[in-house]
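**Q** Can you read through this structure? Questions will come right after.
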Ligand code: ATP
Ligand code: MG
């Protein structure tokens, strides 16, 4: 299996590039943000819990996220591979992912870090909030999410460097140009 972690700050383009990766390599896609938004839309208990955290720009507790991730992963059955979009977001999640995959005879093939400057992230997310009305894409919540990214998520860069899975991707430029760099990184593994 080709198991790709697509990583980056909020607004770095994980979702956009994941769609292209799925189309080209035939992978299954897990976007934890999309899973949670679907639960909110359907008014489930999980959705109610998730909404409280998301509206505050906070992460959903690790134990909950890890259970959700394993059940989505297992629902794929036979698969060419999976793209993990928005997971892991903490060291505990990265360790849980490693354990879950190894229990299934698998591992992360590569971690792609979509690197985008902070002022550009802010601009993109404010625009996305205006266009799509996503409730957490407002200036106050975006600032909170960026703080959470720096304190809880960015430490995964060194964690994956240590695992020898890390690839830096310059996340500024055209969508095609960024995708070409992503394909080079995937094909180098
Ligand atoms: P991007 O714009 O690059 O897709 P994002 O950070 O804007 O990234 P999502 O990945 O959709 O958006 O996540 C939205 C929210 O869902 C997060 O702010 C967080 O509250 C919650 N969430 C998503 N994934 C996780 C996770 N792995 N652990 C904890 N909370 C999560
Ligand atoms: Mg997303």
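Bear in mind that the values in this text are calculations on the coordinates, not laboratory data. None of the values given here were measured: they were computed from a predicted structure. With ideal geometry, Cβ positions are generated from the backbone for all residues, glycine too; neighbour counts draw on all protein chains shown.
**Q** Only one of these conditions is not met by residue 136: (1) surrounded by fewer than 12 Cβ atoms within 10 Å (Cβ to Cβ); (2) within 16 Å of ligand 1 (Cβ to nearest atom). Which number is it?
**A** (1) is the only condition that residue 136 fails.
**Q** If you don't mind, there's one more thing I want to ask. Return the residue satisfying two criteria in turn: it lies in the range 97-133 and is touching a residue at least 60 places away in the same chain (Cβ under 8 Å) and in a loop (DSSP other than H, G, I, E, B), and of such residues it is farthest from residue 3 (Cα to Cα).
**A** Looking at residues that are touching a residue at least 60 places away in the same chain (Cβ under 8 Å) and in a loop (DSSP other than H, G, I, E, B), I get 116.
**Q** Hey, could you check the range 69-89 for residues that are crowded, with 19+ Cβ neighbours inside 10 Å and in contact with a helix residue (DSSP H, G or I) (Cβ under 6 Å, 6 or more places away or on another chain) and say which is farthest from residue 24 (Cα to Cα)? Let's see the steps before the verdict.
**A** Within the range 69-89, the subset crowded, with 19+ Cβ neighbours inside 10 Å is 69, 73, 82-89.
If we keep only those that are in contact with a helix residue (DSSP H, G or I) (Cβ under 6 Å, 6 or more places away or on another chain) as well, we get 83, 85-89.
On the way: 83: 12, 85: 16, 86: 20, 87: 21, 88: 23, 89: 25 Å.
The extreme case among them is 89.
**Q** Show the residue pairs that are 6+ apart or on different chains and have beta-carbon atoms under 7 Å apart, the first residue being within the range 1-28 and under 23 Å from residue 106 (Cα atoms), the second being part of a loop (DSSP other than H, G, I, E, B) and within 9 Å of ligand 2 (Cβ to nearest atom).
**A** Taking only residues 6 or more apart or on different chains, the pairs are 14/86.
**Q** Counting just the residues of the range 29-55 that are in contact (Cβ under 8 Å) with a residue 40 or more places away in the chain and more than 8 Å from ligand 1 (Cβ to nearest atom), which one comes out surrounded by the fewest Cβ atoms within 10 Å (Cβ to Cβ)?
**A** Applying the filter and picking the extreme gives 55.
**Q** Going through the range 133-157 one residue at a time, which ones are more than 15 Å from residue 89 (Cβ to Cβ) and under 19 Å from the mean Cα position of the chain (by Cα)?
**A** Within the range 133-157, 134, 135, 137, 141, 142, 143 meet the criteria.
**Q** Still on this structure, I have one more. Has the range 8-31 got any residue that is assigned to a loop (DSSP other than H, G, I, E, B), within 22 Å of residue 155 (Cα to Cα), out of contact with any strand residue (DSSP E or B) (no Cβ under 6 Å at 6 or more places or on another chain) and within 10 Å of ligand 2 (Cβ to nearest atom)?
**A** Our first condition is that a residue be assigned to a loop (DSSP other than H, G, I, E, B); within the range 8-31, this holds for 9-13, 26-27.
With the extra rule that they be within 22 Å of residue 155 (Cα to Cα), the set shrinks to 9-13.
Restricting the remaining residues to those that are out of contact with any strand residue (DSSP E or B) (no Cβ under 6 Å at 6 or more places or on another chain) gives 9-11.
Still in the list and also within 10 Å of ligand 2 (Cβ to nearest atom): 10-11.
Yes, the range 8-31 contains at least one residue that is assigned to a loop (DSSP other than H, G, I, E, B), within 22 Å of residue 155 (Cα to Cα), out of contact with any strand residue (DSSP E or B) (no Cβ under 6 Å at 6 or more places or on another chain) and within 10 Å of ligand 2 (Cβ to nearest atom).
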